[in-house]
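What follows is a set of notes on a single structure, which appears directly below.
Derivation of every value follows stated rules applied to the coordinates shown; laboratory data play no part. These numbers come from a predicted model, not from an experiment. Glycine gets a Cβ as well: all are built from the backbone with ideal geometry, and neighbour counts include every protein chain shown.
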């Protein structure tokens, strides 16, 4: 396609005005790029709307930035710092681990070892391309190895150990099958012979690697000119307890370790026990060494913790039996931090208007926008537009159109891709979204902003349905706020998560984005408190407050979610693995944890479809004086939003429903509902208990989007239009349309102090029209 | 489509011998001394039906070599005197041919100077023995040295001249040797021969049974040694580096690109072989206690060539089998007279006509023939995307796939009946949104297809409403391919174009 490639990311994504923000940039094909700071006002280039609009902003930024090509190293592994070199130059030794392989690879996979690939030095225990367990040693000149003869079965727990005696040069590899009724994909009814024990005299004694290699779990050390030292021969699968002895163990000792006995002290160099350090709040990236030297391992690219271990016996979660949660899942394609060098640090002016900005880079006819979302230094406006940055991360770099065979059936579209998508996908080094699967089929539970994210570009359209999604879609609401002349601040999920209700309090009204799907407990609490203290929320989205999402307090760049049980889930966590490692809480749907979105904003997810969006029609409640002001300027029979940039309507894509049984406040009034959805809008799976035909839009009354209004304590209120497509209808007809009229009616009322219009009408009699 | 309702029984009892190693006792694997190689190559697998570990010899050639050479060693002492001689000659020629195979097969040098080098080695050793009194054990060294020197000379043009020309050159070289020896003044009285050569066979045992047996023993050891040389050269570093260069298409260029100096490797192989052939020459003159110019003759060379062709080029077992056949006919059926040469020629003709690579290659040839027949038989009974047949089902790890094939076959057959002009028109009018039941079913089937080759639309950089049809690769990182170059100016036209492509695929399936 093109020889020049510009990629980059910002850290943080959500700086305050007056703060510094780092831009990490990689450019191929040019040593410099033209840089301009721009305010993004509208993204969608659809000619039916206002088109792409940006405003150049003068800030202290050189017009040309010197740049270079930067590289990303994908794959998760753990590394032992080993400053004293206790694991280097081992002569006689034993390496052992409980292993749960998940995927064969056409190269070696390292379980553990200190091995330099380009120098052929050190030692390593791993799995070869045939699936055999193998120990290899090298002295820089010769490499020798020993391997078992039958392949490990994927998704089954084994104990593997390899020992080497430098005097006799005898090497042994032991594989002991640890499958029980609970821990593996297969059970004990399978008559497979998992055990193996081979012995052989090698001709090479491993030599010390020095700085050429590190002692790694799930990786060996590679080196090349461009990348320097990096992890390779990555492992796919789980590892549990593991360790190193400085002597060759006998069979009895091996068997004792396999059965989970505490390791004997004699000659023990290290014993990594991933269950140590698990607290009720989860666990971090350190794998503790309980051996004599305390050589802890540090995970890179977030090996997935709190996974079931070899000794798991069906405990619901790690809270019940933490000692059975030693599983650490490694993936060759995991990425939570590109670790690029900072190319430019931009000092944002203190008086910079709050909004969505981007560093626009241009070179050789190629352009990229690296977005940032700038919050004011102190809140100024009455309106706070809460941009769902958790959602942005959850969908970051999604591969659905490219990899999920069911994606076209879900969206009922043929995907529309662009050359930029292909360029990005060809590189395949910027990680996955929480909608994608790792190469071994496991779902991806982490997503981070410390990497270039193509789906965060203002002009980006989600290929699956050919309309903007997440940030580019939210820009439609932002454009309309500009158009309608409202003064607003923007803030992000990350701010709400970090500050709770304090982030929302300064505002008279908070606007949700089109798809506020990923919520942490802090965000739920903050929103609920805000509403109960008189705050007002305009929930202008679909499928919000849905997934229980977590984040480490000190690492805002990375969110975690586990998809399980019910809901429209791109993957399904394995049994027992539904809790977030970063917080210790159970993930899945908020509704499964007693906090259905209906309890806060009155609506919750009910159907999705992307073929065509429809319109809303007024419901009888909208004529009640308590809320009829919302419909000022709207005819009784008027179709509300039979237009839009998201599939041609204001009601569509993902729809939310009023349901008292799920916690919609009993005082909620049903203002309008959508009509006419096709069967490509099926009822969502969490609503399906018994499966029977006819749950599509033409046959099931629960397939609809609702528009509701209710008041909360102290003059608070919620207006909710349960449809992703709502905000993308706003820019139609130059921003003057009935969706805009309703939005304006609400905004005008909500930004005023004091009582809400219509609040005096609390009686039932004689009040109809 | 006619359904073939006859089911064939699939499955067999394997005739291979399997061992079932216990997982809780050590499997100790031995290596050849001073190498990292194992004595035997084993192959293990978990039997997909029983899940038991099965361990079998993966390379059974050591077994067959031991069996056949052992049988030769054990039975020869019980044979008649003339047969012992034939066996000894067989061993000697087999040794020569095994080495020759290295030159032609491994090094890829088409040399016909093999016998000439043997002859020069023989003459050098015999001459030194007769005129300078070199004791017989040193004759091996003398022959080897002479072979090495001649080999080094002959090797030089081998990288310069291509196959046929080099063959002619080496043939000419043999002829020159013959003429040279005949014209040597000293050998004039004996017509070019040297006789009364010292030998490892005591003078008075010569042509006696113990002498014959000793001769056989020597030739047998010679064969073993040349097999060892073959093994070491062919399968170790030298042979490995030459393997790449042997590829027919671009092999040499590729080898060079990845840094293999295949010319040097070829020279080494040629020189090592020449040295060994010289040693055999020394042995030859001792075995017969004489040597004559006939060793340089063309008929002898062609006989040797027949052995290699019949056995199959490039493999030691081919060289040995070919030698056995030809020697048996040529020396063992003397009563047939000149007919036996015709017989050899006939066999050679047959082998070249009907086999790909001599007799040693028959096994592979038969296997590929059987596979071909098998797939032909399958092809006759099946259709593209049709149901899985019992003999195919053994190749499916996930048996659910077998059901999917059946289901999709029948689903497609049904959906084909739904495709009408009206249905296509309905889609053209509105590719998205509510559709008739029939169109919904057809579309849903299309949308659920696998990712590989699944159609998509690509927006062109020239404009927002400029689209082309592409198809996904189904592989992470591999970009989609362009289906055709037509540009659609309306997204609905592009959707409909994809629909028509899919309808076409469905009707063709």
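Things worth noting here:
- Spin-label model distance (nm) - residue A:688 vs residue B:376, 7 Å beyond Cα toward Cβ: 4.9 nm
- Rounded Å value of the spacing that divides the Cα centres of region A:108-131 and region B:485-500: 51 Å
- The ranking of A:532, A:63 by Cβ neighbour count inside 10 Å, starting from the fewest, reads A:63, A:532.
- Helix B:81-101 axis versus longest C-alpha principal axis of chain B: approximately 50°, rounded to the nearest ten.
- Extension reserve of the residue B:50-residue B:413 stretch, reckoned as 0.36 nm per residue once the Cα distance is removed: 127.0 nm
- Shape call, region A:424-504: gyration tensor on alpha carbons, a/c limit 1.5: oblate
- Helix A:521-532 and the longest principal axis of the Cα set of chain A meet at an angle near 20°.
- Among B:220-226, B:175-181, the order from most to least packed when residues are scored by Cβ within 10 Å on average: B:220-226, B:175-181
- FRET efficiency for residue A:638 and residue A:702, using Cβ-Cβ distance with R0 set to 22 Å, rounded to 0.05: 0.35
- Rough spin-label spacing in nm, given labels placed 7 Å along Cα→Cβ, for residue A:675 and residue B:206: 12.1 nm
- Estimated 222 nm signal from helices in chain A, with DSSP H stretches of n ≥ 4 weighted -39500 (n - 2.57), rounded to 500: -3000 deg cm²/dmol
- Mean ellipticity per residue at 222 nm, deg cm²/dmol - from DSSP H runs of n ≥ 4 across chain B, formula -39500 (n - 2.57): -19500 deg cm²/dmol
- Spatial separation of Cα centroids for region A:699-769 and region A:152-224, in angstrom: 63 Å
- Taken residue by residue and averaged, Cβ atoms of other chains lying within 10 Å of the Cβ of A:186-193 number 3.
- Counting only other chain Cβ atoms within 10 Å of each residue's Cβ, the peptide B:12-21 averages 1.
- Average beta carbon contacts from partner chains per residue of A:611-624, 10 Å cutoff: 1
- Packing here is the average count of other Cβ atoms within 10 Å per residue, and on that basis the peptides B:350-363, A:155-168, highest first, run A:155-168, B:350-363.
- Beta-bridge orientation, chain A: approximately 90 percent antiparallel, per DSSP, counting only bridges with both partners inside.
- The protein assembly as shown: C-alpha gyration tensor shape, a/c 1.5 cut-off, then a/b vs b/c: prolate
- Working ranking of peptides B:377-387, B:192-202 by packing, defined as the average number of other Cβ atoms within 10 Å per residue, highest first, is B:192-202, B:377-387.
- Prolate/oblate/rounded label for chain B (Cα gyration tensor, a/c 1.5): prolate
- Between 0 and 90 degrees, the angle of helix A:738-750 with respect to the longest Cα principal axis of chain A falls at about 90 degrees.
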